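The values are calculated or read from the model by the stated rules, or taken from the named source; none is laboratory data. A quick note: this is a predicted structure, and the numbers were derived from the prediction, not measured. Positions of Cβ are generated from backbone atoms using ideal geometry, with glycine treated the same way; all protein chains shown enter the neighbour counts. Heavy atoms of the whole protein, side chains included, go into the accessibility calculation; ligands, DNA and RNA do not. Shrake-Rupley method; radii C 1.70, N 1.55, O 1.52, S 1.80 Å.
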Amino acid sequence: MEKKPRAAAAAVGDGGGSRGEASGSSEGGGLVERLPEALLVEVLGRLEVDDACSAAASCRALHGAAAAAISAITTIDLSAFAPSNAILSRILEGNGAVRSLTVNCSLLDDSAASVIAKGSLGELSLLKCSFRMSFFMAIGERCRNLRSLKLEVADASGHPGFSTCLAPIYAGCIYLETLWMKSPLLDPHAAYYETGLPFLPSNLKELLLQPVSHSRAKTVFPRTTSLTKHISDSLESLSLVLDTITDELVMLITSNVRNLVELCLEDEPVAQPNLPEDLTNVGLQALGLCHNLRHLSLTRRYCDFRRVNDFGILMLAEGCKQLRAIRLSGFSKVSDAGYAALLHSGKDLKKFEVSNGLCLSDLACLDLDKAAPNITEVRLLNCALLTSDTAISLAPCTNLKVLDLSGCKSIADSGLVSISQLPKLTLLDLAGADITDAGLSALGNGRCLISSLCLRGCRRISSNGIASLLCGTGTINKTLVSLDIGNVPRISCRAVTVIAKNCEQINSLCLRNCLLITDSSLEVLGSMGRDSNKCSLRMLDLAYCSKLSRNFLRLFEPPLFRGLRWLGVGKNVVQRRGCSPTVAELLERKPGLTICGNACDMGCRNKCHPDIRFLQ
């Protein structure tokens, strides 16, 4: 039976005799040792890896069962913390069944290939890695059945021609179908980022490149015809993060990739592009010829698509009636007519996202009765003209699971009353909205089963609103696992205490820039789950909580905050001198914990920076 994905915080320790003798003589240990080993293995196999490792320290029987259970795991996710070579070896050594492996590689070196490169692997994701040729040679030689490789490069500037290191993988992993290459810190024009695009495997079905210049991206799609098999013959999903999206590139993609199902293009031009180096209605018309396209994402940051208007969007909507997911950002000249055409163009639309829609208003979401039953996700970000009427217009969307209205500052309590009646809603983002404690009370008494809620920057709410939210007649206090109440000036210790007492299943909590939070409330939060001997809190953001004491890190020493994997503290904590404990001392006592002093969002996703211990 295939195991569910899980994160590991520690490896099973060596089976020293003292551990077994200390607990084996007790009544509990003797009882466990009389249970069938197969039963123990089955029970421990259903736990998180770190919980299984904790159980292994109890007695010899559980130690052996934990080792057997971990060795049979088929899906392992080690992205939540950065294991050392030694910890990784103890987790993976002896496991010949793992098929999917995700590893945060920021503390690993090339020798880690000896435990990572396993013949059973079909999917491999390496995050924040900086490996050299020898590592990739080992992967190419041993992982012959690899079908998916996802690389997030920490720093390719020190590795000229980085992509040439992938040549052994291209040669050895002949079944490779998915390739991701992400370098978040690189300039697409940088000379050291030689992508080697012409040498990509011809049987790829999914390709992601971040970043890549549009001139290099064009080399993937040759203008000349050839009898030899080319990547464009098999490619179904293409994602590119470019310097500029142009009509020429879009037309090359649409004319060469015959089986394109998913297309994601994102650019970040340093200045407003000039013709012909820009996307216009001509490019949108070319996309309308991709009749098999199911997922489309066109986004521009910092600038906008000034040469695309409603006419281009209407041609896209007319040609791509099978679209199931649409994501648009930076289309400042597109009005309600264009967005409404997309919403009503096809019966299969499930996900709709618009960011920075300067001309998008409540009118675009009117009369959704026909499209409503199929829509499961709506994200309307930073659309200044939207009001609570949009939230009310979404009431017919009874299958809506995700609603993101972050940055829409005119969403008020009346919108929350409507939202609270959506029966399948699990994610709600209202960052910056004009809601009050009365709106949170309506949400707390509503029908929705929200697991993730963002109220960041909702300056009119207070600790009383959090109490109304979590102590209402609804079920949100039983379903909520992620809560963001950062940048809310009236959030005090009372709110943290209410969360700790009424929301024990909380997994992620953001209190960033909550200036009234003190050490006493953190102590209550850290003690959460002690009665059940299990704390669910994994990520906590305390960046810029200036009322915390100088030595507040002592609150994170064992036994408080058991299970915490990520802690955001802000740069001011890193720069302090004479604190007890220091960041390095705390990390020594909690090797599974990651402390971020760079003001990253939760989990440092897509951020690569040095280990905090080296910054002190």
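A dipole drawn for the chain from +1 and -1 charges on Cβ atoms has a positive end, and of S492, V524, L200 the residue lying farthest that way is V524. In this label model, N145 and L515 are separated by 5.9 nm, measuring between points 7 Å along each Cα→Cβ vector.
Using unit Cβ charges (K, R positive; D, E negative) and no other charged atoms, how large, in debye to the nearest 20, is the dipole of the chain about its Cα centre?
Result for the chain is approximately 660 debye, rounded to the nearest 20.
What is the Å³ per residue value for the convex hull set by the Cα atoms of the chain? Please list the in-between numbers first.
Details: hull volume 99.8 nm³, N = 616.
Convex hull volume per residue, Cα atoms: 162 Å³.
Here each label is just a point 7 Å from Cα along the line to Cβ, and for A384 and I174 those points are 5.9 nm apart. P(r) tail for the range 207-304: Cα pairs beyond 17 Å make up 48% of the total.
Can you pull out the trypsin sites (Lys or Arg not before Pro) in the range 301-380 whose DSSP state is coil and whose Cβ has at most 14 other Cβ atoms within 10 Å?
Details: sites: R301, R306, R307, K321, R324, R327, K333, K347, K350, K351, K370, R379; in loops: R301, R306, R307, K321, R324, K333, K347, K350, K370.
Answer by residue number: R301, K321, K347, K370.
A straight chain from N551 to E588 at 0.36 nm per residue would run longer than the Cα-Cα distance by 11.7 nm. Segment R459..D233, full-extension length gain: 76.1 nm, with 0.36 nm per residue of separation and the alpha-carbon distance subtracted.
When only alpha carbons of the range 276-427 are considered, Rg and Dmax amount to 14.8, 49 Å.
Quick one: accessible area per residue over the range 277-420, 1.4 Å probe, rounded to a whole number of Å²? Write out the running numbers ahead of the final one.
Values: 5700 Å² over 144 residues.
On a per-residue basis, 40 Å².
One chain, two ends: Q421 and F199. Fully extended at 0.36 nm per residue, the span grows by 74.6 nm beyond their Cα-Cα distance. In this label model, N445 and T219 are separated by 6.4 nm, measuring between points 7 Å along each Cα→Cβ vector.
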